[in-house]
Each structure stands twice: as structure tokens, then as C-alpha cells.
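S.K.: This is the structure I have questions about; it appears just below.
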Amino acid sequence: MPQSIDWLAVAGPLVLALTAVLVLLLDAFLGSPHARSGGHLPAMLTVLGVTGAAVPAALLWGERRATFCVGPGGGEPCSFVVDDFTLVFWAVVIFGTGVVALLGTAAVQEGRTPQGEWCFLLLSSATGAMTIAASRDLVTLVVALEVVSLPAFAMAGLRRGDPRSAEAAVKFFLVSVISTAVMLMGVSLVYGVTGTVFLEPMDRALEAGAGPRNVAVAGTLLTIVGLAFKVAAVPFHMWIPDTYVGAPIAVAAYLSVVSKAAGFVGLILVLGFGLRSFASVWEPLVAVLAALTMTVGNLLALWQQQVVRLLAWSSVAQAGYILVPFAAASTSGALAASMGYLAIYAFVNLGAFAVAAVVGTAHPGQQMSDYRGLVRQRPALGWALGFALVALAGLPPGVIGLLAKVVVFNAAAGPATWLAVVMAVNVAIGLVYYARWLFELFAAAEARPAYRVPAGAGLAVAVTFLAGVVFSVFPGLLLDPVLAALR
Amino acid sequence: MPLWWPLLLASLLFAIGVYGVLVRRNAVLVLMGVELMLNAVNINLVAFDAHLRDVLHGGQTFALFIIVIAAAEVGLALAIVLLVFRSHGHIDVDRLRGLADRDPPTEPSGGDGVTAHSALTGPGRTR
Amino acid sequence: MSVVEVLFLLLGLAALGSALLVVSTKNMVHAALWLVVTLASIAGIYLLLAAEFVAWVQVLIYVGAVVVLLLFALMLTRAPTGPQPDTTVARVLPAAAVAVLVAALLATTVVAGFTGVRLDLDGAVVGSAATTGETIFEKWVLPFEVLSVLLLAALVGAIVLSRLRTDDTEDRGRPREQRDAQEVRR
């Protein structure tokens with residue numbers, strides 16, 4: 001008997017996948033005349049497709065829909081579940097993909113990135129990212145995680161005539177492939193012990209004490225190591241700065257937001273859903289990872305003069321903050337704090353990358369001194385970047401960034417107070433380099449470079465800035481549903 | 001046969017794969033190490049599937065899908081490796097240091113690679 | 001000791017031995033050829049472990065396609081086919097130490113965890129093409145479909161990356177068709 005399919009539940013990823021194919025075919029048949037005359041048909045279609053995927057997602061809010069079930073009579077366990085947790089993450093993917101598609105127009109205008117293929121790869125990767133949030137079995141989860149990564153390797157290398165882009169692609173590829181293999185080893189051991197690949201039955205089996213405990217522990221550890229590579233937790237972070245600097249900046253934005261978020265969702269699903277009863281095993285380990293990630297990321301960001309590399313290290317540090325609530329995962333709602341931070345980080349970080357992409361059209365070197373006096377030369381760009389940095393640092397008026405840090409801090413304080421203290425120290429260190437950049441922005445400058453602000457990238461800056469401001473004024477709009485989603 | 005036979009084989013094969021990944025410098029040979037690791041995973045999955053009498057055949061299906069994933073990865077790897085070879089003239093992972101994160105903080109240009117990059121991407125080349 | 005057990009031991013030893021050669025031989029093409037031996041022995045092991053379809057897929061895709069792609073990669077990058085001086089003691093020792101540690105930890109864990117558990121193959125359902133087809137299309141449709149996205153993305157990604165040429169700048173002025181025709185001729 002074939003499985004019954006709830007088409008509305010799978011509509012989100014399905015729309016993205018179909019748009020991807022449509023973009024590819026249109027680009028192949030209509031081809032480059034559009035690209036050369038400055039038309040942005042693929043980018044527009046991508047944004048349209050992403051918006052289209054948002055419609056079924058909005059319709060599903062507040063419901064729990066399960067489909068692709070394998071239980072007797074089409075009941076639980078199911079491979080694909082859309083609930084509020086899934087939808088929050090879908091919102092991040094939809095917003096992130098839309099903004100990155102807009103940013104991509106800057107790279108396309110430069111004429112060194114093939115537009116149709118770039119949009120196709122972006123949409124395929126986003127399809128995987130949406131699927132992973134809904135997957136409730138390890139087979140689908142692993143396959144979806146690969147769908148996120150594989151197009152990303154190609155995107156990292158998508159830049160004609162730039163040897164650094166190729167180098168970024170090969171480093172990213174090798175690290176990611178190795179981490180997948182390690183993670184799969186862990187998954188195979190957990191499967192052997194529990195006898196199932198579905199997350200909830202797996203948790204029940206472990207709780208009931210199935211199989212040899214040591215093998216399950218080894219499987220858990222290997223799985224965490226593999227996923228830690230994906231989210232670039234220290235000491236598995238070495239590929240991040242190289243890849244971010246070498247890849248086109250829109251790809252760096254994608255990697256730091258959507259792809260990283262996919263890694264975190266994988267982590268939340270595997271640890272929070274599948275291995276929940278093993279929390280006593282993995283909590284201390286993830287706590288150490290979180291502390292290391294924050295500290296190393298922040299300390300190395302201090303020295304950076306190159307802006308993309310600074311954003312790379314700062315995104316490592318931010319990943320550390322997201323990991324903090326995992327250390328207190330046994331208390332209810334802790335993982336919701338991770339989710340909340342992730343959502344806020346996605347909005348704010350994309351804002352910083354969007355401005356960097358625009359500035360990059362005039363200053364491809366992306367030195368910090370290139371930003372001197374941006375607020376006076378280009379008030380719109382300057383204030384947008386200033387706001388994003390303030391929010392990343394967690395200072396008012398970037399209230400949303402501050403709230404994100406408070407939420408995470410609250411989750412850790414109590415169950416893992418030492419980690420909360422480490423986090424507080426790190427937030428203080430973070431202030432230093434964000435402030436350094438802010439000073440450059442507001443400094444007086446003589447020259448007035450010519451920025452060619454592509455329409456798409458300008459729109460991306462505006463959208464991220466507006467989202468940041470709105471959420472800072474009404475933080476409940478974002479935080480209430482997110483924090484309620486994982487109760 | 002005892003269940004630990006295939007599991008031991010998988011563990012050893014996995015360790016050999018790890019050794020290959022760490023010791024090799026040619027990107028393609030690193031990839032061969034990864035293939036050994038993935039095969040170790042598949043042996044585990046197939047052995048557990050047979051042992052558990054999994055009615056869903058989760059293990060075997062997973063192994064099949066991993067084989068497909070590996071094939072897709074290798075296909076893309078070929079393209080990436082050729083891209084690197086065309087731009088660098090070699091595929092030695094250790095010698096790919098154009099991006100290495102070791103810029104001295106005092107250097108005004110921000111370090112290696114950046115200057116060359118600006119020359120490549122500057123407005124003069126984009127038209 | 002039954003026939004299956006003897007066969008398993010032989011195939012396992014062949015797989016391990018050739019895997020060691022894959023990671024240690026100084027000749028790169030030999031490494032790829034030893035990989036064929038490893039993968040083929042593992043296919044035999046799948047057959048013993050009642051995973052018939054997986055075994056044939058292993059032969060078709062791994063031995064048939066993956067190794068050929070790897071050989072292509074080695075040949076097209078003009079890898080020296082002679083001996084390679086790439087394994088120095090300073091590299092081998094730490095790598096070997098890590099590998100031995102991994103092997104020791106994993107092996108002791110699984111052996112200690114599953115001592116005395118028998119893998120009874122007599123009653124196991126053989127994963128024939130029919131059984132596998134039924135399970136995949138009745139129970140695992142979703143990951144199967146997601147895999148199709150993966151394969152398409154990998155295909156397009158590989159094509160796009162291969163079309164990016166470092167000398168691409170000068171022929172951008174020409175019409176696309178002309179460039180495509182040139183592409184085909186290469």
C-alpha cells in the first residue's frame with residue numbers, strides 16, 4: 001500500500017524545488033540575452049518562488065500535519081512533520097533565501113557568476129533546508145542535509161577566474177564530506193542499538209534502555225562531532241574563514257545563515273528529539289563546545305582587518321551562543337531559546353552581509369578602512385550596517401539582538417551557570433570588534449567612492465534593515481511564536 | 001556468525017579511512033579515504049538490518065541512499081578538483097594556502113590573496 | 001565454522017588488506033585499483049549479510065562508476081603515476097596514532113557491546129530487488145524524492161563548475177551559441 005501524501009504539508013519544499021527546475025529551464029531556453037541586458041528574470045523568479053513557498057507555510061501555522069507515515073494503517077511514526085517548530089525554521093529559510101537571491105544580483109551584475117545556475121543551486125539547497133526541518137527520521141534528515149550542502153559546494157566555487165573561489169570550494173567540500181561520514185558512523189551505531197531510524201521511537205527505545213549503552217553513547221558522540229562540523233563549532237571550524245572569504249559574498253551570507261541554520265536544526269532534531277533521554281551524556285560535551293566556540297570565535301575576530309573574515313569569525317562566535325542552551329536542554333524550553341537566537345541572528349546577520357555585498361562592488365578587498373565614513377557618504381547604507389552591527393553586538397537600539405542574548409542567557413543561567421558567565425564575558429569581548437567597525441563607519445572621510453548599488457542588493461539592505469527595526473520595536477512579533485513553538 | 005564480526009570489520013575499515021583522510025595530500029586520495037569510511041558505515045547498517053530483522057529495511061535502504069549520496073559527491077568532486085587544478089596547477093590540499101587565515105594584524109593590505117583578488121575583481125576587469 | 005563464516009572471514013581480510021593498500025600505496029593509480037578490490041569484497045559481504053540488492057548496487061555504482069570517476073580525476077589532473085614522496089614520517093605518525101585510537105575505541109565498544117549476540121542469517125529476509133523496491137516505494141518515498149533533487153543539483157553543479165574556465169573573460173563578448181558550439185567541440 002503506497003503512502004498517502006498530505007500535499008499541503010509538503011507544498012513548501014515542493015514549490016521551491018519546482019521553481020528551481022523552472023529557473024533552470026527558462027535560463028537554458030531564454031538564456032543569456034536577459035542576463036546581459038541587465039534583466040534579472042531568474043532572481044525575480046527565485047524571490048517569487050520563495051514567496052510562493054511562504055503561502056502554504058502561513059496556512060499551516062498552528063497545526064501539526066504529519067505525512068509519509070510508515071506505521072500500521074498509515075499512522076505514526078512519520079517521516080515528515082510540519083509543526084510550529086518546522087514553520088519557524090521555514091520562515092528563516094524563506095527569508096534568508098530571498099535575501100541571498102537579491103544579494104546574488106550584485107555578483108551576477110559583476111558578470112562573473114552564471115545567473116540561472118546560481119539561482120537553481122540556491123533553490124535546490126533551500127529545498128533541502130526546508131525538508132530537514134520537517135524530517136523526523138534519520139534517513140530523510142541525512143539526505144536533506146546533503147541536499148543543503150552539495151549545491152552549496154558548487155555555489156562556493158561559482159566565480160569565473162578566481163582561484164580563491166575554487167580553493168574555497170575544495171576546502172568546504174572535503175571538510176563537509178568527512179564530517180558527513182563521521183556523522184553517519186554515529187547514526188549507524190544508534191540505529192543498531194535502537195533498531196529504528198525514526199526519532200521519537202528512537203528516543204523511547206533509549207529511554208527503555210535498549211541495547212548496549214556504550215555503543216549508543218559512542219554513536220551519540222560521533223553524531224555530535226559530525227554535526228559540529230556542519231555548524232562550525234570550535235574545534236571543527238577551520239574551514240569557515242577560508243570558505244567565507246573565498247566564496248562570493250552572497251554565498252558567504254547563505255552559508256552563515258541558511259546552511260548553518262540547517263546544521264542547527266539537524267542538531268536540535270537529533271539531540272532534542274532523537275537522543276533526548278541521553279541528555280546527560282551530550283549536555284556537558286555541547287557545553288564545552290559552546291564555550292570554546294564563543295571564545296575562539298570572538299578572540300580571533302578581534303584581530304581581523306578584513307571585513308568578511310571578521311564576519312566569518314563573528315558568525316563562529318554567534319554559533320557558540322546558539323549552542324549555549326543545549327547545555328541546559330533537559331529543562332523545558334531551553335532549545336526554544338536556541339531557535340529564537342537562530343531566527344534573530346539570521347535577520348541581523350543578513351543585514352550586515354547585505355551592506356558588505358554593496359560596499360564590495362566598490363571595494364572588493366573588503367578592508368575595514370574601506371568603510372570609513374560610510375554613514376556620511378551613504379547614510380542609508382551606513383545606518384543599515386550600523387544597526388545590524390549594534391544588534392549583533394546586543395546593544396540598544398538593536399533591541400532584538402539584546403533580547404536574543406537575554407533569552408539564551410536565561411536558558412543557561414541556573415542549569416549551567418558557568419557557561420552563562422563565559423557567555424557574558426564573550427558578549428563583552430564581542431563589543432570591542434563591533435565597536436571598532438562602528439567607529440570606522442562614523443569616522444570622517446575625504447573620498448567618496450562610487451558604489452554601484454544593484455537594485456536587488458539595495459532591496460536586500462532595505463528589507464533586512466526594516467525587519468530589524470520592526471522586530472526591535474515589536475520583539476514579540478518574532479519571539480513569542482518562536483519561543484512557543486518548542487514548548 | 002557473531003554480530004561483532006561485521007561490526008569489527010566496519011570499525012577497522014573506518015579507522016583505515018580516517019588514516020587515509022589524514023595522511024593524504026592529494027584531494028582525490030583524501031576522497032578515497034572518505035569512501036572507505038562511508039563503506040564502513042554501510043557494512044554497519046546492513047549488518048544491523050539483518051540482525052534486527054527490520055521490517056522497514058531501514059538499514060538496507062539507508063545503505064542504498066548513502067551509496068547514491070557518495071556517487072553524487074564524487075561527481076561534484078571531479079568538477080571541483082578540475083576547477084582547482086585549472087587555477088592552481090595542482091590539487092595538493094596542503095599547498096592550497098591562498099586563503100589561509102594567518103594575516104598579521106598590522107599588515108595594511110590585510111594579507112595574502114587580497115591584493116591579487118582586488119586586481120582580479122576590480123572595476124577594470126568587470127567590463 | 002559454517003561456509004558463510006569462512007567466506008566472511010576471507011572477504012573481510014581481503015577488504016581490510018586492500019583498504020590498507022589504498023591508503024598507503026605510493027602509486028596513485030594503484031590506490032584506485034586497490035579500492036576496486038576493497039569495494040568488491042564489501043559487495044560480497046553484503047551478499048552474505050542478506051542484502052542482495054545493495055550488493056549489486058555496490059558493484060554497479062561504486063565499483064563501476066565511482067572508481068571510474070576517481071580515476072578520471074587522477075588522470076585529468078595529470079597526477080604523477082609514479083611513486084609519490086607524499087608520506088613523510090612527520091605526517092604518518094600523527095595520522096596513524098589517530099587512526100589506531102579510533103580503531104581501538106570503536107572496536108572495543110562494539111565488540112564489548114555485542115559479545116554473545118548471534119547474527120542469525122538463516123531466517124533473515126533477503127533484500128532482493130523485489131523486497132527493496134517494495135520497501136523503498138512504500139515506506140521511503142520521501143527520502144527517495146529528496147535524493148532526486150540531490151542528484152539533479154549535483155549534476156547541474158558539476159556542469160556549471162566545469163564550464164567556468166579561467167580564460168573565460170575574453171570570449172564573453174561573443175554570442176552564447178557560439179560559445180556553446182565551442183564548448184561542444186572541446
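S.K.: Which condition number does residue A:91 fail, the rest of (1) surrounded by fewer than 23 Cβ atoms within 10 Å (Cβ to Cβ); (2) free of Cβ contacts under 8 Å to residues at least 40 places away in the same chain being met?
M.R.: Of everything listed in (1) surrounded by fewer than 23 Cβ atoms within 10 Å (Cβ to Cβ); (2) free of Cβ contacts under 8 Å to residues at least 40 places away in the same chain, residue A:91 misses just condition (2).
S.K.: So how many residues does the range A:22-47 have that are surrounded by 15 or more Cβ atoms within 10 Å (Cβ to Cβ), of a type outside the set (S, T, N, Q) and modelled with pLDDT of 75 or more?
M.R.: 11
S.K.: May I pose another question? Residues in the range A:344-381 that are outside any helix (DSSP H, G or I), touching a residue at least 40 places away in the same chain (Cβ under 8 Å) and not aliphatic (A, V, I, L, M): how many?
M.R.: Result for the range A:344-381: 8.
S.K.: Oh, and also: Quick one: how many residues across the range B:1-16 are at the interface with another protein chain (Cβ under 7 Å from one of its Cβ atoms) and within 15 Å of residue B:41 (Cβ to Cβ)?
M.R.: The total comes to 10.
S.K.: On to the next question. Quick check on my filter: what residues within the range A:455-487 are of a type in the set (Phe, Trp, Tyr) and under 30 Å from residue A:332 (Cβ atoms)?
M.R.: Selection gives A:471, A:474.
S.K.: Pull up the range A:137-180, narrow it to residues that are facing another protein chain (nearest Cβ under 7 Å) and small (Gly, Ala, Ser), then point me to the one that is surrounded by the fewest Cβ atoms within 10 Å (Cβ to Cβ).
M.R.: Result: A:161.
S.K.: Related question: From C:153, C:158, C:112, C:124, which residue is facing another protein chain (nearest Cβ under 7 Å), closer than 21 Å to residue B:41 by Cα and modelled with pLDDT of 90 or more?
M.R.: C:112
S.K.: For residue A:278, all conditions in the list (1) of a type in the set (Phe, Trp, Tyr); (2) away from chain B (no Cβ under 14 Å); (3) touching a Phe, Trp or Tyr at 6+ places or on another chain (Cβ under 8 Å) hold save one; what is the number of the exception?
M.R.: Looking at each condition in turn, residue A:278 falls short on (3).
S.K.: Could you please find all residues in the range C:45-67 being more than 7 Å from every other protein chain (Cβ to nearest Cβ) and of a type in the set (A, V, I, L, M)?
M.R.: Selection gives C:47, C:48, C:55, C:59, C:60, C:63, C:67.
S.K.: Tally the residues that are out of contact with any helix residue (DSSP H, G or I) (no Cβ under 7 Å at 6 or more places or on another chain) and closer than 21 Å to residue A:4 by Cβ, restricting the search to the range C:115-161.
M.R.: 8
S.K.: May I pose another question? Would you point out the residue of the range C:7-32, among those that are of a type outside the set (Lys, Arg) and over 27 Å from residue B:5 (Cβ atoms), that is surrounded by the fewest Cβ atoms within 10 Å (Cβ to Cβ)?
M.R.: Ranking the qualifying residues of the range C:7-32, first place goes to C:30.
S.K.: Considering only the range B:22-38, I want to know if a residue exists there that is facing another protein chain (nearest Cβ under 7 Å), buried (at least 24 other Cβ atoms within 10 Å of the Cβ), more than 12 Å from the chain's Cα centre (by Cα) and closer than 17 Å to residue A:219 by Cβ.
M.R.: Within the range B:22-38, not a single residue is facing another protein chain (nearest Cβ under 7 Å), buried (at least 24 other Cβ atoms within 10 Å of the Cβ), more than 12 Å from the chain's Cα centre (by Cα) and closer than 17 Å to residue A:219 by Cβ.
S.K.: For the range B:55-77, enumerate the residues that are at the interface with chain A (Cβ under 7 Å from one of its Cβ atoms) and not in a helix (DSSP H, G or I).
M.R.: Residue satisfying the conditions is B:56 alone.
S.K.: Here's a check for you: in the range C:136-146, which residue that is crowded, with 22+ Cβ neighbours inside 10 Å and at the interface with chain B (Cβ under 8 Å from one of its Cβ atoms) is nearest to residue B:65 (Cα to Cα)?
M.R.: Looking at residues that are crowded, with 22+ Cβ neighbours inside 10 Å and at the interface with chain B (Cβ under 8 Å from one of its Cβ atoms), I get C:143.
S.K.: So, one more: Only one of (1) in a helix (DSSP H, G or I); (2) farther than 27 Å from residue A:207 by Cα; (3) not hydroxyl-bearing (Ser, Thr, Tyr) is not met by residue A:237, so which one is it?
M.R.: Of (1) in a helix (DSSP H, G or I); (2) farther than 27 Å from residue A:207 by Cα; (3) not hydroxyl-bearing (Ser, Thr, Tyr), only one is false for residue A:237: (1).
S.K.: Could you tell me which residue of the range A:119-136 is surrounded by the fewest Cβ atoms within 10 Å (Cβ to Cβ), considering only residues that are within 8 Å of another protein chain (Cβ to nearest Cβ) and not polar (S, T, N, Q)?
M.R.: Out of the qualifying residues, it is A:121.
S.K.: Let me ask you something else. Examine the range A:180-192 for a residue that is out of contact with any Leu (no Cβ under 7 Å at 6 or more places or on another chain), among the β-branched types (Val, Ile, Thr) and within 19 Å of residue B:68 (Cα to Cα), and state whether such a residue exists.
M.R.: Among the residues of the range A:180-192, at least one is out of contact with any Leu (no Cβ under 7 Å at 6 or more places or on another chain), among the β-branched types (Val, Ile, Thr) and within 19 Å of residue B:68 (Cα to Cα), which makes the answer yes.
S.K.: Scan (1) in contact with a Ser or Thr (Cβ under 7 Å, 6 or more places away or on another chain); (2) more than 8 Å from chain C (Cβ to nearest Cβ); (3) in contact (Cβ under 8 Å) with a residue 60 or more places away in the chain; (4) within 26 Å of residue B:36 (Cβ to Cβ) for the single condition residue A:183 breaks and write down its number.
M.R.: (3)
S.K.: From A:253, A:233, A:261, A:247, which residue is crowded, with 24+ Cβ neighbours inside 10 Å and within 14 Å of chain B (Cβ to nearest Cβ)?
M.R.: A:247
S.K.: Only one of (1) over 14 Å from the mean Cα position of the chain (by Cα); (2) at pLDDT 95 or above; (3) at the interface with chain B (Cβ under 8 Å from one of its Cβ atoms) fails for residue C:42. Which number is that?
M.R.: In the conditions (1) over 14 Å from the mean Cα position of the chain (by Cα); (2) at pLDDT 95 or above; (3) at the interface with chain B (Cβ under 8 Å from one of its Cβ atoms), residue C:42 misses (1) alone.
S.K.: Oh, and also: Of the residues that make up the range A:435-451, is at least one within 25 Å of the chain's Cα centre (by Cα), under 30 Å from residue A:279 (Cα atoms) and at pLDDT 85 or above?
M.R.: No, the range A:435-451 contains no residue that is within 25 Å of the chain's Cα centre (by Cα), under 30 Å from residue A:279 (Cα atoms) and at pLDDT 85 or above.
The values are calculated or read from the model by the stated rules, or taken from the named source; none is laboratory data. Quantities reported herein were computed from a predicted structural model and do not represent experimental measurements. Ideal geometry is used to build each Cβ from the backbone, glycine not excepted, and the neighbour counts take in all protein chains shown.
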